[in-house]
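Shown below is the structure under consideration.
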Ligand SMILES: [Fe+2]
């Protein structure tokens, strides 16, 4: 198998002395395809048009020396930047040997050439280089594949959730886009609070599905235009529990059920379904609670239009420490104050 590959390997030998070029060619041509260049300029011109697997480069040449040629090759955009280079020089040149490794040469071959050593070194450097590049390619390929799969899965998750949110909102003719907006506001609060992208995304997911329990409430009650009876109100109040149960099956997204179950809790403990108080309410639900209340006030209802920004701001402020977690309510106020044209509402 190697024999086949070796025949295809292209070597460029660069040396100012014709006798050295001839000798190197004679030694190497049994196993490799050999091209020759008698100066750095000639080598560069050749490499701009041809791809080689390895360069044997004489260190001591007039005009450009080996180091200069190597630098010119590495900086030339028309030439692959990672062709392995082996330097050729007199065997007493220890300082040069050290320098050549420092500059990034793969190996060093001393003159006069010992045919066996030369062939072995060239073969070994090429094999190592191919192995390394194959490995690198394979790693890159697998990484790209895994990343694409991950992105695909994320896109799918987001699409499924958005569709679900659409289904929830479609049930209620007055809450079009509610889930999506609550998710966006909740994510913005989380971002301003300093949470990283992953956490923000989890909050977005929890936000987009916070009202999923409404699926279990009859359309008549949800869409009733008049005042709800006590009994109807009690039924509406079951949606967080239903939602929490539905989402408890999604174990891959941590805490997704939390927003659904506790987004109607109040900071003063007067909310539902569990009457949790203060920091006992999971943080995620405290964030969604603020976002949810904000969107409710800034959405149209059957009996009223979007409330004015001033009124909404006042209500959020009034709710600090009673309905809302003070910290997240303050972030919401900050968002309102930055929203000079009052763009942040149902359109
Ligand atoms: Fe709700």
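Give me 233, 193 ranked fewest to most by other Cβ atoms within 10 Å of their Cβ, as a rough exposure proxy.
233, 193
In addition: So the label point goes 7 Å from the Cα of residue 249 along Cα→C-beta, right? Which residues of the stretch 204-220 then have their backbone N under 14 Å from it?
213, 216
At 37 °C and 0.692 mPa s, what whole-number value in µm²/s does Stokes-Einstein give for the translational diffusion of the stretch 90-206, with Rh from the Kirkwood sum over Cα pairs?
Taking Rh from Cα pairs, D becomes 163 µm²/s.
So what's the angle, to the nearest 10 degrees on a 0 to 90 scale, between helix 309-318 and the longest Cα principal axis of the chain?
80
Next question, about the same structure. Where q = 0.15 Å⁻¹, what log10 of I(q)/I(0) comes from the Debye formula for the chain, counting one point per Cα?
At q = 0.15 Å⁻¹ the computed log10 ratios are -1.17.
While we're looking at this one, here's another question. What is the helix-to-structure angle for 326-338, meaning the angle in degrees between its Cα long axis and the longest Cα principal axis of the chain, kept from 0 to 90 and rounded to the nearest 10?
For helix 326-338, the angle is close to 80 degrees.
Moving on. Within a 10 angstrom radius of the beta carbon, how do 175, 298, 143, 322 rank from fewest other beta carbons to most?
Listed from fewest to most nearby Cβ atoms, that is 143, 322, 298, 175.
Here's something else I'd like to know. In terms of the ratio Rg/(2.2 N^0.38 Å) built on C-alpha atoms, what value belongs to the stretch 220-276? Intermediate values should be presented prior to the final figure.
Numbers: Rg = 13.2 Å, N = 57, 2.2 N^0.38 = 10.2 Å.
In units of the 2.2 N^0.38 Å rule of thumb, it is 1.29.
Expected output is a single nm value to one decimal: the length gained when fully extending between residue 65 and residue 141, i.e. 0.36 nm times separation in residues minus the C-alpha distance. What is it?
Full extension of this stretch gives 23.5 nm more.
Another question about this same structure. Does the stretch 1-87 classify as rounded, prolate or oblate by the C-alpha gyration tensor (a ≥ b ≥ c root eigenvalues; a/c under 1.5 gives rounded; else a/b over b/c gives prolate, otherwise oblate)? List each step's numbers first, then the result.
On the way: a/c = 2.21, a/b = 1.27, b/c = 1.74.
Judged from the Cα gyration tensor, the stretch 1-87 comes out oblate (a/c at least 1.5, b/c at or above a/b).
Please compute, over every Cα-Cα pair in the stretch 14-142, the percentage with a separation greater than 26 angstrom.
Beyond 26 Å sits 17 percent of the P(r) for the stretch 14-142.
Note the full-extension length gain between residue 327 and residue 227 as 0.36 nm times their separation in residues minus their Cα-Cα distance, in nm to one decimal.
32.7 nm
If you stretched the chain out fully between residue 26 and residue 306, how much longer would it get, using 0.36 nm times the residue separation minus the C-alpha to C-alpha distance?
Value of the extension gain: 92.0 nm.
Another one. Let me have the relative contact order for the chain, percent, based on Cα pairs under 8 Å that are six or more residues apart. Each step should come with its number before you reach the end.
Values: 499 pairs, mean separation 32.6, N = 347.
Relative CO of the chain lands at 9 percent.
When only alpha-carbon atoms count, how far does the stretch 70-117 stretch along each of its three principal axes, as whole angstroms with the largest first?
That works out to 34, 24, 12 Å along the principal axes.
Same structure, new question: Tell me, what are the semi-axes, in whole angstrom and largest first, of the equivalent ellipsoid of the stretch 166-296 as set by the roots of 5 times the Cα gyration tensor eigenvalues? Show your work: numbers first, answer last.
Values: eigenvalues 108, 52, 38 Å².
In descending order, the three semi-axes are 23, 16, 14 Å.
Taking other Cβ within 10 Å of each residue's Cβ, how do 164, 47, 131 sort, fewest first?
If I rank by nearby Cβ atoms, fewest first, I get 131, 164, 47.
State whether the stretch 148-210 is rounded, prolate or oblate according to the following rule on the C-alpha gyration tensor (a ≥ b ≥ c being the square roots of its eigenvalues): a/c under 1.5 gives rounded; otherwise a/b larger than b/c gives prolate, and the remaining case gives oblate.
Oblate shape, in that a/c is at least 1.5 and b/c is the bigger or equal ratio.
While we're on this one: Hey, how many Å between the Cα centroid of the stretch 30-96 and the Cα centroid of the stretch 240-268?
Cα centres, the stretch 30-96 to the stretch 240-268: 66 Å.
Mean-square fluctuation check for the chain, GNM, Cα pairs under 10 Å: which of 120, 162, 180 is largest?
Comparing 120, 162, 180 in a Gaussian network model of the chain, the most mobile one is 120.
Per-residue ellipticity at 222 nm for the chain, helices alone: DSSP H runs ≥ 4 residues times -39500 (n - 2.57), over residue total, nearest 500 deg cm²/dmol?
When only DSSP H runs of four or more count, the value is -18000 deg cm²/dmol.
Only the coordinates and a few stated rules stand behind these numbers; no lab work does. Remember, predicted model here, so these are calculated numbers, not experimental data. In this analysis, Cβ positions are derived from the backbone assuming ideal geometry, glycine residues included, and neighbour counts consider all displayed protein chains.
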